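The values are calculated or read from the model by the stated rules, or taken from the named source; none is laboratory data. From a predicted model like this one, the values you see are computed outputs, not experimental measurements. Every residue, glycine among them, receives a Cβ derived from its backbone with ideal geometry; neighbour counts consider all protein chains shown. Accessible surface is based on the protein model in full, side chains and every heavy atom, while ligands, DNA and RNA are left aside. Shrake-Rupley method; radii C 1.70, N 1.55, O 1.52, S 1.80 Å.
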Amino acid sequence: MSTTQARAVRFDEYGDRDVLRVTEVLMPQPATGEVLVEVRAAGINPGEAAIRSGAMHERFPATFPSGQGSDLAGVVTELGPGVTDFGLGDEVLGFSWQRSSQATHIVVPVSQLILKPDALSWEVAGALYVVGCTAWAAVEAVAPKPGETVAVSAAAGGVGTVVVQLLAVRGAHVLGIASPTNADWLTAHGATPVPYGDQLAGALTAAAPDGIDAFIDLFGPEYVQLAVELGISRDRIETIISFQKAQELGTKSAGSADASTREVLTEMAGLVASGRIEIPIAATYPLDDVRDAFAELEKRHTRGKIVLIP
């Protein structure tokens, strides 16, 4: 790779992960208010798989050839005109709204970056944005008060692990819906594990005899429906994925776009750097193995984040 070229994940049509390729592209050039970042780590997310498959075409259409990725952490290597927030060599983390972070180099507006705390590894820093800001938005949507009980579906997934911990930081009692293999992790992070399955409604009721105050769905529409059937107020039911169901039932559907600010990212990075919240890293893959990384992600059984290392 020369100084005039970068490498990036691309796909030219909707499809399964086989449409993904890593190709050489022209080195991007920062415009006014932007910086060029040499990417050291870029997390992957279920939403990217949904966009690539075409399942999100109505909400998030792709323009081909399409890049991929929002999460990033790296080193500033070039400054655009007017940039004073960062200097060459600064270690940063943040997000791209151009579906471009799964690459060796990307251009990012300074408003979408913060300095990386020294305590964060590259892997954690590069996995922070989507899960951190999505978790913050989801928790804010249900406005938990100390001592209240909040149920969380997919509680051991990438976003779920952060939601569980953020709720605990805010003093809520968490019912973490997940497979039994995740029970020890949930217990160690302040949650009451509740196994998913046919008996879930009864298990949740048994775990919270005084009632459930709020519900955060991170998996699918059946959980939004369950929350309504459990009698939880619809203004305290939140989903990050089941948009149609939320509209049908009048529940909430906040996501990372509702919390994509420097202030929120700084707050979440601080909580992770201080050790109050952990971002589990399930696996790392070289950029060239992006298909394998998504194969692992799409099994839907990883705890924490999968990260590409360019």
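To the nearest 0.05, what FRET efficiency results for ALA119 and THR3 with a Förster distance of 41 Å applied to their C-beta separation? Please list the in-between numbers first.
Details: r = 32 Å, r/R0 = 0.77.
Once rounded, the FRET efficiency stands at 0.80.
May I ask which of LYS116/LYS245; LYS252/LYS299; LYS116/LYS299 have a Cα-Cα span longer than 29 Å here? Working shown, then result.
Details: LYS116/LYS245 37 Å; LYS252/LYS299 27 Å; LYS116/LYS299 31 Å.
LYS116/LYS245; LYS116/LYS299, as the Cα separations exceed 29 Å there.
Near LYS145, which aspartates and glutamates are there with a Cα under 17 Å away, not counting those fewer than 8 places off in the same chain?
Straight-line reach from LYS145, under 17 Å: ASP210, ASP213, ASP235, GLU238.
Just the projected area, averaged over all directions, of the convex hull on the alpha carbon atoms of the chain: how many nm²?
Values: hull surface 61.2 nm².
Projected over every direction and averaged, the Cα hull of the chain covers 15.3 nm².
Restricting to Cα atoms and excluding each atom paired with itself, what does the Kirkwood estimate give for segment 120-219 in Å?
After inverting the mean inverse Cα-Cα distance, the result is 13.5 Å.
For GLN225, what charge total do you get from the other residues with a beta carbon under 10 Å from its beta carbon, if Lys and Arg give +1 and Asp and Glu give -1?
So the environment of GLN225 carries a net charge of -3.
Hey, what's the Kirkwood Rh for segment 1-43 if you take every pair of different alpha carbons, in angstrom? Walk me through the intermediate numbers first.
Values: mean 1/r = 0.0807 Å⁻¹.
Final number for the Kirkwood radius of segment 1-43 is 12.4 Å.
Quick check: pseudo-label points 7 Å beyond the Cα along Cα→Cβ at ALA143 and THR32, how many nm apart are they?
According to this spin-label approximation, the distance is 4.1 nm.
Any idea how far the Cα center of segment 195-222 sits from the one of segment 237-283, in Å?
20 Å
Quote the charge dipole size of the chain about the Cα centre in Debye, to the nearest 20; the model charges only the Cβ of Lys and Arg (+1) and of Asp and Glu (-1).
Computed about the Cα centre, the dipole is about 80 debye.
Using label points projected 7 Å from each Cα along Cα→Cβ, tell me how many nm separate ASP18 and SER111, to one decimal.
4.2 nm
Based on the mean of other beta carbon atoms within 10 Å per residue, what is the order of 216-224, 280-288, most packed first?
Numbers: 216-224: 22.9, 280-288: 16.4.
Highest-to-lowest ranking by the protection proxy: 216-224, 280-288.
Beta carbons within 10 angstrom, averaged per residue: use that to sort the peptides 61-67, 117-123, 48-54, highest first.
Ranking the peptides 61-67, 117-123, 48-54 by packing returns 48-54, 117-123, 61-67.
By how many nm would the segment from THR181 to ILE309 grow when fully extended, if each residue of separation counts as 0.36 nm and the alpha-carbon distance is taken off?
43.3 nm is the gain from fully extending THR181 to ILE309.
Taking every pair of Cα atoms in segment 80-121, average 1/r, invert it to obtain the Kirkwood radius, and report Rg/Rh to two decimals.
0.95
If you add up the charges near MET27, with Lys and Arg at +1 and Asp and Glu at -1, over every other residue whose beta carbon is less than 13 angstrom from its beta carbon, what do you get?
Charge balance near MET27 sits at -2.
Send over a whole-number figure in Å² for the accessible area per residue of the chain, probe 1.4 Å.
In whole numbers, the chain has 43 Å² accessible per residue.
With all distinct Cα pairs included, what does the Kirkwood hydrodynamic radius of segment 234-310 come out to in Å, to one decimal, could you say?
15.2 Å
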